[in-house]
1. What are the pairs, 6+ residues apart or on separate chains, where a residue within the stretch 331-355 that is free of Cβ contacts under 8 Å to residues at least 60 places away in the same chain and under 19 Å from residue 176 (Cβ atoms) has its Cβ under 7 Å from a residue that is surrounded by 13 or more Cβ atoms within 10 Å (Cβ to Cβ) and of a type in the set (Asp, Glu)?
2. Limited to the stretch 153-167, what total is found for residues that are out of contact with any Phe, Trp or Tyr (no Cβ under 6 Å at 6 or more places or on another chain) and at pLDDT 95 or above?
3. How many residues, within the stretch 38-80, are assigned to a loop (DSSP other than H, G, I, E, B), open to solvent by less than 70 Å² (accessible area, probe 1.4 Å) and either of a type outside the set (Asp, Glu) or over 30 Å from residue 124 (Cα atoms) (or both)?
4. Restricting the first residue to the stretch 81-95 and requiring it to be part of a loop (DSSP other than H, G, I, E, B), which pairs with a second residue that is open to solvent by less than 50 Å² (accessible area, probe 1.4 Å) and of a type in the set (Asp, Glu) meet a Cβ separation below 6 Å and a spacing of at least six or different chains?
5. Looking only at residues that are outside any strand (DSSP E or B) and among the β-branched types (Val, Ile, Thr) in the stretch 302-355, which one is farthest from the chain's Cα centre (by Cα)?
6. Checking the structure you have, find out if any residue of the stretch 120-142 is open to solvent by 20 Å² or more (accessible area, probe 1.4 Å) and part of a helix (DSSP H, G or I).
7. Testing residue 47 on (1) touching a strand residue (DSSP E or B) at 6+ places or on another chain (Cβ under 7 Å); (2) farther than 19 Å from residue 197 by Cβ, one condition comes back false. Which one is that?
Amino acid sequence: MSLTGTAFLWTTIVLSVVALVLPLVLWSRLRGPRPLRLAARVLMLLFTQGTAVTLVFVLVNNQNNLYDDWADLLGTGNHVQQAADLGRVGTGGMAVRRLPKARQDFKAADGPGMHAAGGVRVTQLQGRVSGVNAEVYVWLPPQYRQPAYRHRKFPVVEVLPGYPGSAKAWFGSLRAHEQLLPLMRGGRVAPFILVAPRTDLLGGVDTGCADIPGQVNADSWLSIDVPKMVTDNFRAEPAPSGWAVAGYSAGAHCAVKLAVAHPDRYRAAVSLSGYNDPIGENDSLAAQSPALRAANNPYLLLRKARVPPRIALYISGEGGDGYQAGVALKSVAKAPTTVHLVFLPRSAGGHNMALWRPQVTTVFRWLTLQSGGRRATVTTPRSPSTAGSTHAALASGTASRAGAARRR
């Protein structure tokens with residue numbers, strides 16, 4: 001039975017009701033020795049508590065798209081077939097453009113929100129470069145199937161969840177496609193193809209979107225295999241001009257890191273409540289050593305870049321949760337790199353979907369400007385509070401793991 005399926009949800013609801021009614025009906029009717037009656041009553045109470053906790057978990061999980069299946073929940077999932085040393089550029093010396101086209105079969109995706117706004121499709125992709133075998137979700141804009149656009153190629157936004165997080169989150173919890181559909185129909189937002197690849201590739205750990213020989217090649221999965229599959233199967237614009245990457249929380253860190261590290265693959269990145277140093281996520285594989293942390297810290301990559309990358313970054317966050325990471329990036333950004341910085345007051349919400357969901361339309365309006373070649377005006381923040389901020393340590397890579405504990 002699927003963890004996120006309707007059948008499991010209704011099963012937990014029915015069991016919760018039964019567990020509540022059972023003590024009311026049987027409490028005084030139990031017969032037998034006193035120890036046996038006591039044990040039976042304790043079991044009924046434990047059953048009631050267990051089903052209630054399970055129901056709350058299922059509702060929270062479905063609302064926030066934290067775990068996609070039982071393997072994700074139990075930490076037993078492994079979508080890595082091999083993790084060869086692919087070198088600095090993540091290709092292992094392969095001529096990626098000469099690889100055969102990755103022709104994929106797609107089917108309708110299941111789950112909350114998957115059938116809305118024209119529906120989301122899913123395919124199982126075996127990454128030829130990364131060695132990852134995992135699902136990728138794709139949503140096509142309304143114009144894609146219209147005769148007037150049959151010869152048109154479309155810009156692409158790769159959307160990434162936090163950790164833990166399901167690849168479905170941008171469609172389920174954030175309802176991005178539902179929010180964007182009327183804006184795209186009205187011409188207020190560009191008709192982007194939305195692509196959501198799995199980022200939870202190893203059970204119980206965050207890959208940090210990094211290439212780590214012998215463990216995982218998450219960077220190559222996201223920035224090479226997935227984009228190649230999309231351009232092989234859809235009328236998608238070529239990289240980097242037609243490609244952007246967006247994420248929240250751990251996915252925000254990945255988005256900025258991928259764009260800074262690969263300006264030949266992405267032209268823009270969106271970070272919602274992200275961080276720079278991989279140690280900002282306690283379970284990140286990219287925080288295993290100082291060398292890995294430095295290699296996957298977009299602040300350090302941007303500061304050390306010999307030639308400033310031609311990318312545009314959108315950074316939003318609250319004081320102490322994403323905003324200071326953007327301040328650090330802006331402080332080292334040099335043209336043609338641009339940083340659009342948005343300060344969110346504490347009253348805006350918190351580190352959760354309620355904060356990120358309302359930003360979807362604003363973010364995609366900004367991405368529309370980038371796809372049209374126009375520069376967005378940087379927002380002047382309002383006197384942010386820096387209480388509790390550790391942005392200097394996180395940006396420079398000097399923070400301790402204990403000091404980097406954060407909300408996910």
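1. Here the result reads 344/318; 348/318, each pair linking the stretch 331-355 to a residue that is surrounded by 13 or more Cβ atoms within 10 Å (Cβ to Cβ) and of a type in the set (Asp, Glu).
2. Residues flagged as out of contact with any Phe, Trp or Tyr (no Cβ under 6 Å at 6 or more places or on another chain) and at pLDDT 95 or above within the stretch 153-167 amount to 5.
3. Adding up the residues that qualify gives 6.
4. That search, which allows pairs on different chains as well, returns 86/211; 90/211; 90/219.
5. Here is the first cut: in the stretch 302-355, the residues outside any strand (DSSP E or B) are 302-311, 319-320, 323-337, 345-355.
Remaining after also requiring among the β-branched types (Val, Ile, Thr): 307, 311, 327, 332, 337.
Numbers: 307: 29, 311: 20, 327: 22, 332: 26, 337: 23 Å.
Selected residue: 307.
6. Looking through the stretch 120-142, at least one residue is open to solvent by 20 Å² or more (accessible area, probe 1.4 Å) and part of a helix (DSSP H, G or I).
7. (1)
Okay, residues lined up against (1) open to solvent by 40 Å² or more (accessible area, probe 1.4 Å); (2) under 27 Å from residue 215 (Cβ atoms):
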{"site": "281", "(1), (2)": "no, yes"}
{"site": "284", "(1), (2)": "no, yes"}
{"site": "288", "(1), (2)": "yes, yes"}
{"site": "296", "(1), (2)": "no, yes"}
{"site": "313", "(1), (2)": "no, no"}
{"site": "325", "(1), (2)": "no, yes"}
{"site": "348", "(1), (2)": "yes, no"}
{"site": "361", "(1), (2)": "no, no"}
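The values are calculated or read from the model by the stated rules, or taken from the named source; none is laboratory data. In this text, all values refer to a predicted model and were calculated from it rather than measured experimentally. Neighbour counts run over all protein chains shown; Cβ positions are idealised from the backbone, glycine included. Surface areas here come from the heavy atoms of the whole protein model, side chains and all, with no ligands, DNA or RNA. Shrake-Rupley method; radii C 1.70, N 1.55, O 1.52, S 1.80 Å.
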